[in-house]
Amino acid sequence: MPLSTGDYEKAASEALGVPVKVGSARLSVLTGVKVNLDNVSVSDAKIRLVRGFPEIGSLFGPKKAFDRVELEGATLKQGQAGAAIFGKAGGSNFSVGRIVIKQIKLDGPLTLPAFDVDAAVGSDGTVQTINLSGPLTGKLTSSGNNVAFEIQAPSLSVPFVPALSLSDFGWKGTATPQGIGNSEWDGRVYDGVISGTARVRWGSNWSVEGDVRSRGVKVAVFAPALVSDGKVEARGNYSMSGPDPAKLGASAGVEGSFKIEAGVIGNFDLGRALQTGGAQV
């Protein structure tokens, strides 16, 4: 049965503080009472379908209350993700207890996979917990202006350094609207393990810094012309900054020390070294 979109647009706009537009609204009772909202826009975010499971008393009144809301075909800009996590999803005429999003896409400079979201919303409209599933798994827990997170991925291209792909990736720490404080991460690469810390600040200028450690990594990957075999252990500090987070890797600098074990030197001309007193090898 068709429904008027006006009450839903008004209640949601007041609750979220941004314009909300609904293409069409329909009430369905065949498999349980639910409201289907098609072609929804929340500011610049686009959602193909919103499926709401309402409290019966809110169906035809100005106040819209949902036990659960499911979103399909949702696309957000990466800059809007923080507002969604730290903002509110409720108001005097709009409330929701749980938000489920299938394959949300975050458009922006960073390369991120689509994933599923299951969020629990408190009575005041703030997001309490967010569970992630799909290519990214993990949990985010809100406490005031802080969000504790723990994320895992079987394989992930590091967003700030896309050329570096880690398997068995894990990252945990605490985020605020301004950035991420001390966080810890690790993953596997080139038959070894790389781990470290990260502090991230975002805005008009991004910065990422911390320490990095590696053990058991194939050294031939980094210097194939010099060393044909061996494992490297390293420890150092890194930093990168710039306005475009996808290009931070180009400005990265690392200071530290390394040790190669069981190394095999390649491309070493012993004869030339002897003839030139070591000046040429």
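What follows is calculated from the coordinates using simple rules that are stated; it is not laboratory data. Since we're looking at a predicted model, the values are computed, not measured. Because the Cβ atoms are built from the backbone with ideal geometry, glycine has one as well, and the counts that use them run over all protein chains shown.
A few remarks follow.
- Glu55 long-range amide H proximity, modeled H, under 5 Å: Ala65, Phe66, Asp67
- Additional length obtainable on full extension of the chain from Lys63 to Asp211, 0.36 nm per residue less Cα span: 48.2 nm
- Look at the alpha carbon pairs under 8 Å that are at least 6 residues apart: their mean separation over the length of the range 216-263 gives a relative contact order of 39 percent.
- Dipole magnitude (debye, nearest 20) for the chain, charges at Cβ of Lys, Arg, Asp, Glu: 340
- Inter-label distance, nm, simple model (7 Å from Cα along the C-beta direction), Asn39/Thr141: 4.3
- In sequence order, the range 171-177 has phi-based couplings of 8, 9, x, 10, 10, 10, x Hz under the Karplus curve 6.51 cos²θ - 1.76 cosθ + 1.60, θ = phi - 60°, and Gly or Pro positions carry x.
- Mean separation of Cα contacts under 8 Å, 6 or more apart, over the residue count of the range 1-144: relative contact order %: 16
- Alpha-carbon centroids, the range 137-186 and the range 87-116: separation in whole Å: 17
- Across the range 34-114, Cα pairs under 8 Å and at least six residues apart give a relative contact order of 27 percent.
- Less than 5 angstrom separates the built amide H of Asp229 from those of Val264, all sequence-distant by 5 or more or on a different chain.
- Each Lys or Arg adds one and each Asp or Glu subtracts one; over the other residues with Cβ under 14 Å from the Cβ of Ile101, this totals +3.
- Additional length obtainable on full extension of the chain from Phe53 to Lys218, 0.36 nm per residue less Cα span: 54.0 nm
- Extension gain, Ser28 to Leu226: 0.36 nm times the residue separation minus the Cα-Cα distance gives 64.4 nm.
- The phi-based Karplus calculation (6.51 cos²θ - 1.76 cosθ + 1.60; θ = phi - 60°) puts the 3J(HN,Hα) values of the range 97-103 at x, 8, 10, 10, 10, 9, 6 Hz, whole numbers, x for Gly and Pro.
- FRET efficiency, 1/(1 + (r/R0)^6) with R0 30 Å, evaluated for Thr176 and Ile265 via beta carbons: 0.05
- Share antiparallel - DSSP beta bridges, the chain, percent rounded to 5: 90
- Members of Lys21/Lys77; Lys64/Lys139; Lys21/Lys139; Lys63/Lys88 lying beyond 21 Å, as alpha-carbon distances in this model show: Lys64/Lys139; Lys21/Lys139
- Bridgeable aspartates and glutamates around Lys46 (alpha carbons under 20 Å apart, same-chain partners fewer than 8 residues away excluded): Asp7, Glu9, Glu14, Asp38, Glu70, Glu72, Asp107, Asp116, Asp118.
- Sites Ser4 and Ala81, calculated FRET efficiency, Cβ-Cβ separation with R0 35 Å, nearest 0.05: 0.65
- Net charge in the neighbourhood of Leu37 (other residues with Cβ under 12 Å of its Cβ; Lys, Arg +1, Asp, Glu -1) is +1.
- For the range 190-253, the list of chymotrypsin sites (Phe, Trp or Tyr not before Pro) that fall in a loop by DSSP and count at most 15 other C-beta atoms within 10 angstrom reads Phe222.
- Computed from label points 7 Å out along Cα-Cβ, the spacing between Ser133 and Ser239 is 4.3 nm.
- By the count of other C-beta atoms within 10 Å, a proxy for reagent exposure, Met1, Met240 are ordered fewest to most as Met1, Met240.
- Which labelled figure in (i) 25.2, 94; (ii) 24.0, 72; (iii) 18.5, 57 is Rg and Dmax of the Cα atoms in Å, once derived from the coordinates: (i)
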